[in-house]
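For reference, the structure discussed in these notes is given below.
The values are calculated or read from the model by the stated rules, or taken from the named source; none is laboratory data. These numbers were taken from a predicted model, which means no experiment stands behind them. Backbone-built Cβ (ideal geometry, glycine too); neighbour counts: all protein chains shown. Keep in mind that these areas ignore ligands, DNA and RNA; they rest on the heavy atoms of the full protein, side chains included. Shrake-Rupley method; radii C 1.70, N 1.55, O 1.52, S 1.80 Å.
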Amino acid sequence: MRSVDPNFLPYLAGFDLDHLDAHDNPAYGIWADGRLAFFNQAWFEFARRNGADAGFRAHWTLGANLYDALPEVLREHYRKHYEAALASGEPWLHTYECSSPSIYRQFQQISYPLPERAGLLIVNALRTSQPHSAEPKTPDSHAYLNEHGLIQQCAYCRRVRRQAPGESWDWVPEWVSESPPNTSHGICPPCAGHHFA
Ligand SMILES: [Zn+2]
């Protein structure tokens, strides 16, 4: 199973779509303006695991804009790199963390510019998977609420900011499964240093 905008298909002619469907992790295509135009088979498995979330389904559909689906704090960062890849014709390669509550996972994403700068093919691959080494913390709301009553979570690695005593960014598995409603997204210092420096 795959899903593709028929007008996008000619731009994927250089890629083996059966191979992409056999790939273990999501791959998707966007037009130059960010509209989603292709999903591979692994995408649907990923979507099924996120299927309970209506917001997710509304954002991740053919014709919807990828940039609308990204957390606001990451949107311009991705746009800058995707547009640079389109302009230069050079793939953009980066790693990011997308851990489950119990497993630390690092992914590599390669964004391939397509012919005529029509769009990008974005392929995600698992690089590292191991149990978390950081000691998991319990979701003690008082320790993590800031002065505005919000929990600050890193949009990249999903650690949350402990307010007191002394700031730290902690791994709270319960809040990875489901962010509390009073969550605001930011970037933790290591992610800011790695991705935005
Ligand atoms: Zn982070």
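Table for the structure above
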| item | result |
| --- | --- |
| Residue that is least open to solvent (accessible area, probe 1.4 Å), among those in the stretch 172-197 that are at pLDDT below 90, under 16 Å from Leu74 (Cα atoms) and more than 10 Å from the ligand (Cβ to nearest atom) | Phe196 |
| Subset of the stretch 7-45 [open to solvent by 60 Å² or more (accessible area, probe 1.4 Å) and farther than 26 Å from Ser99 by Cα] | Asn7, Leu9, Pro10, Ala13, Gly14, Phe15, Asp16, Asp18, Asp33, Arg35 |
| Listing of helices (runs of 4 or more DSSP H) fully contained in the stretch 34-103 that carry 1 or more residues being modelled with pLDDT under 90, of a type in the set (Phe, Trp, Tyr) and within 21 Å of Leu126 (Cβ to Cβ) | 41-49, 54-59 |
| Counted residues, the stretch 133-171 - those being within 13 Å of the ligand (Cβ to nearest atom) and either assigned to a loop (DSSP other than H, G, I, E, B) or crowded, with 16+ Cβ neighbours inside 10 Å (or both) | 14 |
| Qualifying positions in the stretch 74-105 - within 17 Å of Ile187 (Cα to Cα) and open to solvent by less than 50 Å² (accessible area, probe 1.4 Å) | Leu74, His77, Tyr78, His94, Thr95, Tyr96, Glu97, Cys98, Ser99 |
| Qualifying position, being free of Cβ contacts under 8 Å to residues at least 60 places away in the same chain, of a type outside the set (Ser, Thr, Tyr), within 16 Å of the ligand (Cβ to nearest atom) and part of a strand (DSSP E or B), among Gln130, Gln106 | Gln106 |
| Tally, over the stretch 46-67, of residues that are free of Cβ contacts under 8 Å to residues at least 12 places away in the same chain and open to solvent by 60 Å² or more (accessible area, probe 1.4 Å) | 8 |
